[in-house]
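What follows is a set of notes on a single structure, which appears directly below.
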Amino acid sequence: MSDTTTALPGPVAAPKKKNRLQQIVDVLWMPTLAVLTSFLIIGIVIWITSGSLETVFKAYNGMIRGALIKERGLSESLVATVPYIFLSLGVAVGFKTGLFNIGVEGQFYIGSVAAAFVGQAITGLPALIHLPLAILAGAAGGAIWAGIPGFLKAKTGAHEVITTIMMNYISFRLVELLVSGPLKDKHSTAVQTAPSQPSAWVWTLYSIPERLKDPLNALGVALFVAFIFYMIGRWLISSTTLKQRFVGARQQNLASLIFGGVIGLISFFVLPLLTSAWWPFQDKYDRLHIGLILAIVAAVVVWWLLWKTSLGFELRTVGANTNAARYAGINITRSIITSMAISGALAGIAGAIEVLGVSACHCLPMFFSSGYGFESIAIALMAKNDPFGILAAAFLWGAIRNGADLMELNSGVSKYIISLIQALALLFVSAPELLRTIWRIPASKGTEGEAVQSTRLGG
């Protein structure tokens, strides 16, 4: 009889938790490789079809110059980035709940017409009230329009892809009817709404020093700054050793309020003086506006909502497994409608900012969107629905879009080839095993199911 004993396995070490930077790198490295591969493949196609390697370099040189280097190139790329960010965040919220909101383009339209109406119909309000009111009108329009498919999905099981596509076409025709009919500017030969009141305009960065000379505008900015630093205070207290110094959530919240209030009060007095003395944005023809700041804040808010709140947990649980969520007592109907409403609100804000900040007439012309909503679906998928990944992917899309014209002028290569670059990038992100095969990258531990996982809407 053997006297040997079998050694018991030791305790399994818990996997080391990655910090936020490592998580962002994990999210972005595959899409980055996908984009570079797409540019390489399209470069080969241009080389073969043109018969000249020089044409490839001319094309990409023109794209880079147009997007980043030429006068106002970078700022115009950022202007194009703003609607992509809002729309992609809206798509991502839906994806995280297992919903394919393909109707963000229509919600973009409804938000724009709602903001255009509030911007021109209401008079006599200061910018402190009028601008937020117009943006909120756009958000409400988009939320209501997206809430309809959400309600149908929750109550009848109607598939959101079908209903949102239908709602897209309804919104296109409805906006055309409103712009050419009751909202048409009677003093213009063009088919467009009446111009918005200056108090409802989204500020360009160039105009900020002049705007802050108005104490009410300075107060509005101070309130915004106070809110931002209140949220920063909440984060600092909850994620650092400062939490030990405050007993209970009430003290933590009070400390954050004081922190934000003090910073806001300082900004009310200091920012007007500082911007009058020195301001880096001196080009009065530069269209870059404060919508970029709002878009970055929106990305942070969406991240906080999805990963730091009970509502976000419920939405992600519904997206991961509806049956498990129902068993856990989560209200599925409420989660679906809420998710679609948030998604539509973000799309509506994008439309409002385009009308109030980018449109030359500060109005809604008959045709003003160039497929932002549909391209944003690809951006959300490419960023794997990560709000911070969306910031990078949206800038890439905006830069490519802005650089396409100079690429065509510089090399003779059609600007529509950027659609092939974007399509290939999305293909490689959706099928990472294809990219691994091309570059002979071995699958690392924990990525065996990556290809399957990438097809799930929740990311």
Filter result for the condition that a residue is crowded, with 20+ Cβ neighbours inside 10 Å and on the phi < 0 side of the Ramachandran plot, over V161, V175
V175
Residue list for region 359-395, filter: touching a strand residue (DSSP E or B) at 6+ places or on another chain (Cβ under 7 Å) and of a type in the set (A, V, I, L, M):
L364, M366
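Here's the yes/no breakdown for (1) part of a helix (DSSP H, G or I); (2) modelled with pLDDT of 95 or more; (3) within 30 Å of I337 (Cβ to Cβ):
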site	(1), (2), (3)
V27	yes, no, yes
M30	yes, no, no
S75	yes, yes, no
Y84	yes, yes, yes
L87	yes, yes, yes
G90	yes, yes, yes
V93	yes, yes, yes
Farther than 18 Å from I102 by Cβ, over 21 Å from the mean Cα position of the chain (by Cα) and assigned to a helix (DSSP H, G or I) - does that describe any residue in region 137-152?
no
Restricting to region 66-97, and then to whatever is out of contact with any helix residue (DSSP H, G or I) (no Cβ under 6 Å at 6 or more places or on another chain) and of a type in the set (K, R), can you tell me which residue is nearest to V161 (Cα to Cα)?
R72
Residue list for region 420-431, filter: surrounded by 14 or more Cβ atoms within 10 Å (Cβ to Cβ) and under 20 Å from the mean Cα position of the chain (by Cα)
Q422, A425, L426, V429, S430
I need a count of the residues in region 105-122 that are modelled with pLDDT under 95, assigned to a helix (DSSP H, G or I) and β-branched (V, I, T).
0
Reported set for region 389-416 where residues are assigned to a helix (DSSP H, G or I) and over 25 Å from V355 (Cα atoms) is G389, L406, M407, E408, L409, N410, S411, K415, Y416
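In region 95-130, which residue that is of a type in the set (S, T, Y) and buried (at least 24 other Cβ atoms within 10 Å of the Cβ) is nearest to I337 (Cα to Cα)?
Restricting to residues being of a type in the set (S, T, Y) and buried (at least 24 other Cβ atoms within 10 Å of the Cβ), the top hit is T97.
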Output for Cβ contacts, cut-off 7 Å, separation at least six or different chains, first residue without any contact (Cβ under 8 Å) to a residue 40 or more places away in the chain in region 80-102, second outside any helix (DSSP H, G or I), reads none
Where the second residue is outside any helix (DSSP H, G or I) and modelled with pLDDT under 75 and the first is more than 22 Å from V221 (Cα to Cα) and lies in region 238-262, which pairs have Cβ atoms under 6 Å and are six or more apart or on separate chains?
Q252/F246
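The values are calculated or read from the model by the stated rules, or taken from the named source; none is laboratory data. Since the model is a prediction, treat every value here as computed from it, not as a measurement. Using ideal geometry, Cβ is built from the backbone for each residue, glycine included, and neighbour counts are taken over all protein chains shown.
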